[in-house]
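> I am attaching a structure below and will ask some questions about it afterwards.
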Amino acid sequence: MDLTVQTREKLKKADVLRKQGLIPAELYGHGLTNLHLAVDAKEFRKVFKEAGENTVVNLVIGKEKRPALIHDIQRNHLHDTVSHIDFYQVRMDEEIKANVPIEFVGDAPAVKEQGGILNKSMDEIEVEALPGDLPHRLTVDLSVLTELNQSIYVKDISVPKGVRVMVDPETAVATVTEKMKEEEIAPAAPVDVSTVKVESEEKKAERDKEKTEKEEK
């Protein structure tokens, strides 16, 4: 998957680039000098929709291609547009770690038939693999959850060859639990106002007595 980018002057204002339909970006990597780039916003949206953050993208810089991951993006939350991109250049023969999103498919029978509640405890999993072997997503089939209090664990997920999961295999990914029964809340015990009043009068009497004794001395 190719994405054409262009180098830019470091001091060129980001607002100027954005008005031209470009997104300021940085390319960095181990032992590399950072490159300041500009990316066409429309082209980036197309590539990012397909690649996400864990699929290698070939950055085309002139006649050169550099394999990289879309490492981080910053958004303008008012307009929901990408305002900055960080690319991380990778070596195709060197394993890297990445977070791969989980895609939940199917319906849990224990929810539909027994009224259970589905709890998803993870939405991505850290894996290690060669850049070219990184899966775009990992699929979890919820249809195996047929009983209440049943879970799907990391060890149950099918992982492509050459990919190592960096999470404890006994970690639950999704669980169906029973609905909590509504319990009657015991009414609060009424406050004995008379007791409060008596205690208050006793304390006042003690203070008055102490005051009188001090004055007599």
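The values are calculated or read from the model by the stated rules, or taken from the named source; none is laboratory data. What you see is a predicted model, and the numbers here were worked out from it, not measured in a lab. Cβ atoms come from the backbone with ideal geometry, glycine included; neighbour counts cover every protein chain shown.
This table checks each residue for (1) in contact with a Cys (Cβ under 8 Å, 6 or more places away or on another chain); (2) exposed (fewer than 15 other Cβ atoms within 10 Å of the Cβ); (3) touching a residue at least 24 places away in the same chain (Cβ under 8 Å).
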{"position": "Leu59", "(1), (2), (3)": "no, no, yes"}
{"position": "Asn76", "(1), (2), (3)": "no, yes, no"}
{"position": "Ile96", "(1), (2), (3)": "no, no, yes"}
{"position": "Val100", "(1), (2), (3)": "no, no, yes"}
{"position": "Ile117", "(1), (2), (3)": "no, yes, yes"}
{"position": "Ser121", "(1), (2), (3)": "no, yes, yes"}
{"position": "Glu126", "(1), (2), (3)": "no, yes, yes"}
{"position": "Ser158", "(1), (2), (3)": "no, yes, no"}
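> What single numbered condition from (1) more than 29 Å from Met122 (Cβ to Cβ); (2) in contact (Cβ under 8 Å) with a residue 60 or more places away in the chain; (3) surrounded by 13 or more Cβ atoms within 10 Å (Cβ to Cβ) fails to hold for Thr4?
The one condition Thr4 does not meet is (2).
> Given region 1-117, what strands (runs of 3 or more DSSP E) lie entirely inside it while holding 2 or more residues that are among the acidic types (Asp, Glu)?
On the way: elements: 2-7, 22-28, 35-40, 57-61, 64-76, 81-89, 96-105.
Once the strands (runs of 3 or more DSSP E) in region 1-117 are filtered for at least 2 residues that are among the acidic types (Asp, Glu), what remains is 64-76.
> Additional query: Test each condition in (1) modelled with pLDDT of 95 or more; (2) surrounded by fewer than 15 Cβ atoms within 10 Å (Cβ to Cβ); (3) over 18 Å from Thr4 (Cα atoms) for Thr33 and report the one that comes out false.
Unmet condition: (1).
> Filter region 7-42 for residues that are farther than 18 Å from His71 by Cβ and of a type in the set (Asp, Glu) and give the result.
Scanning region 7-42 gives Glu9, Asp15, Asp40.
> What is the residue count in region 7-25 for residues that are touching a Leu at 6+ places or on another chain (Cβ under 8 Å) and either crowded, with 17+ Cβ neighbours inside 10 Å or among the aromatic types (Phe, Trp, Tyr) (or both)? Explain how you work it out, then say what you get.
Step one: filter region 7-25 for residues touching a Leu at 6+ places or on another chain (Cβ under 8 Å), giving 7-8, 23-25.
Those still in the list that are either crowded, with 17+ Cβ neighbours inside 10 Å or among the aromatic types (Phe, Trp, Tyr) (or both) too: 8, 23-25.
Looking only at that region, the number is 4.
> So which pairs qualify, if the first residue must be in region 166-191 and over 20 Å from Gln150 (Cβ atoms), the second must be at pLDDT 60 or above, the Cβ gap must be under 6 Å, and the two must be at least 6 apart or on different chains?
Close Cβ pairs satisfying both conditions: Met166/Glu126; Met166/Glu128.
> Does Asp133 fit the bill of being out of contact with any Leu (no Cβ under 8 Å at 6 or more places or on another chain), of a type in the set (D, E, K, R) and touching a residue at least 12 places away in the same chain (Cβ under 8 Å)? Before the answer, list the steps.
On the way: out of contact with any Leu (no Cβ under 8 Å at 6 or more places or on another chain): yes; of a type in the set (D, E, K, R): yes; touching a residue at least 12 places away in the same chain (Cβ under 8 Å): yes.
When the stated conditions are applied, Asp133 passes them.
> Are any residues in region 81-99 under 19 Å from the mean Cα position of the chain (by Cα) and among the basic types (Lys, Arg), and if so, which ones?
Lys97, the sole residue that qualifies.
> Right, another one. Where residues in region 102-115 are among the β-branched types (Val, Ile, Thr) and more than 16 Å from Ala51 (Cα to Cα), which of them is surrounded by the fewest Cβ atoms within 10 Å (Cβ to Cβ)? Give the steps one after another, and end with the answer.
Within region 102-115, the first condition is being among the β-branched types (Val, Ile, Thr), and the residues that meet it are 102, 105, 111.
The next check asks that each one be more than 16 Å from Ala51 (Cα to Cα); those that pass are 105, 111.
On the way: Val105: 9, Val111: 16.
Here the answer is Val105.
> Would you say Ile102 is more than 21 Å from Phe44 (Cβ to Cβ) and within 20 Å of the chain's Cα centre (by Cα)? Don't jump to the end; show me each part of the working.
On the way: more than 21 Å from Phe44 (Cβ to Cβ): yes; within 20 Å of the chain's Cα centre (by Cα): yes.
Here the answer is yes, as Ile102 does meet what is asked.
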